[in-house]
Amino acid sequence: MSRHTCAAVLVLAACGKSPSQRPPAPAGDAAQGAATPAPAPVPAAYAETSARTLREGRAALALFQGGKLAELHARFTPELAAIATTKVLTDIHDQLKAAAAPGPDDDTVFLVAGSRAYVADLKVGPQTVVAQMTFDDDGRLSGLNFAPRPALPPDPHAGRALKTKLRLPFDGQWWVFWGGDTATRNYHVVAPDQRHAYDIVMWKDGGTHTGDGKRNEDYHCWGQPIVAPADATVVAIENGAPDNPPGKMDPANKAGNHVVLDLGDGEFALLAHLQQGSVTVKAGDKVTRGQRLGLTGNSGNTSEPHLHFHVQDGPVLFEGRGLPVVFDGVCTDGQPAAPASPVHGQFIEHCG
């Protein structure tokens with residue numbers, strides 16, 4: 001989750017972690033006329049902690065931008081205060097005093113492994129500077145980071161509407177960890193083929209896993225069925241890559257076990273990081289919307305079990321250009337959203 005951009009304005013040490021029995025396989029989409037269960041609400045603990053972190057982050061940023069640096073410094077943990085003196089804060093403030101306040105789409109929060117982080121994009125003329133703040137359980141700032149972010153290259157498919165109607169490639173409530181069209185919400189956007197990609201997990205009881213998260217089985221989404229988002233033809237699969245222990249990655253096999261689908265009309269979907277041996281289709285197969293393709297795993301260049309999903313304009317991995325993704329029949333944060341492109345932090349489920 002690091003954001004390596006150009007030369008940093010300031011990097012201050014953060015004290016805390018960085019902001020990453022199963023149901024039967026669905027036979028397909030719900031039968032015509034079948035009752036659709038109500039969407040699950042956003043977990044109360046997530047909603048409360050997210051709102052608190054957003055509130056604390058915006059308040060701290062307002063103090064910084066308003067030049068109330070002594071008041072901001074008083075909110076630091078002792079460890080951070082020893083690094084970031086008011087003199088240091090003054091120097092950084094002088095560099096960024098022309099920054100505009102972030103708009104509603106320019107900030108977000110990350111709640112991962114007990115860590116609470118607030119991230120905001122500050123516009124300083126033509127440049128964007130990312131402000132990241134982490135908070136401890138008492139609401140004190142335990143980490144602070146400012147770094148410039150380079151502008152994204154033009155998106156050749158910006159605004160393009162998919163011809164294929166997509167359903168979410170799973171059932172039940174999931175959580176978008178990376179998703180959206182800005183670097184704040186989606187680190188994938190710097191990769192041309194993954195400009196509109198998603199990393200999706202399950203968040204329950206305070207996080208994406210139980211216990212210490214050292215086993216794949218600890219993760220809520222491990223072994224969950226992954227289904228075809230549309231009628232399609234299988235272009236390619238991988239089924240033999242081993243699943244990584246959490247925290248270890250396989251960069252030589254980026255997608256791990258995966259399925260590539262030809263959706264038609266020059267649109268190709270990748271479903272990646274599937275569980276070893278779980279892929280149920282082969283190249284050339286015709287699949288139907290809602291048909292099981294495999295199980296969520298932790299294979300490839302991934303640090304924990306999750307589903308990577310994106311649509312691109314060609315069949316070859318890492319050579320296409322990403323296409324904007326819109327899901328049909330999706331509920332976001334417990335509410336029907338009609339066709340929607342979910343973003344980081346939203347809870348989503350198929351309800352159409």
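Residue order for K68, K87, K254, fewest other beta carbons within 10 angstrom first, comes to K87, K68, K254.
In the chain, how many lysine pairs have Cα atoms under 17 Å apart, counting only pairs 8 or more places apart or on different chains? Number of lysine pairs found: 9. Taking Cβ atoms as reference points and 15 Å as the exclusive limit, the residues near G179 contribute a net charge of -3, counting Lys and Arg as +1 and Asp and Glu as -1.
Do the sum for the chain: with -39,500 (n - 2.57) for every DSSP H run of n ≥ 4, divided by all residues, what is the mean residue ellipticity at 222 nm, to the nearest 500 deg cm²/dmol? Intermediate values should be presented prior to the final figure.
Details: 4 runs with 44 residues, N = 352.
So the calculated ellipticity at 222 nm is -4000 deg cm²/dmol.
Remark: F318, F327 ranked as F318, F327, counting other beta-carbon atoms within 10 Å and listing the fewest first. Based on alpha carbons, the Rg and Dmax found for segment 174-350 are 15.1, 45 Å. Calculated FRET efficiency, E79 to A191, Cβ-Cβ distance, R0 = 56 Å: about 0.95 to the nearest 0.05. What shape does segment 113-197 have by the C-alpha gyration tensor, where a ≥ b ≥ c are the square roots of the eigenvalues, rounded means a/c under 1.5, and otherwise prolate means a/b greater than b/c and oblate the rest? Because a/c hits 1.5 or more and a/b fails to exceed b/c, segment 113-197 counts as oblate. In this simple spin-label approximation, D138 and K163 carry label points 7 Å from Cα along the Cα→Cβ vector, and these lie 6.1 nm apart.
Here volume of the Cα convex hull per residue in Å³ was computed from the coordinates, and among [x] 229; [y] 137; [z] 124 the match is [y].
Classified by the C-alpha gyration tensor, segment 45-178 has an oblate form. Its axis ratio a/c, with a ≥ b ≥ c, is 1.5 or above, and a/b does not exceed b/c.
Coordinate-derived values only; no laboratory data. This structure is a prediction, so every number in the text was calculated from the model and none was measured. When we count neighbours, we look across all protein chains shown, and the Cβ atoms used for this are built from the backbone with ideal geometry, even at glycine.
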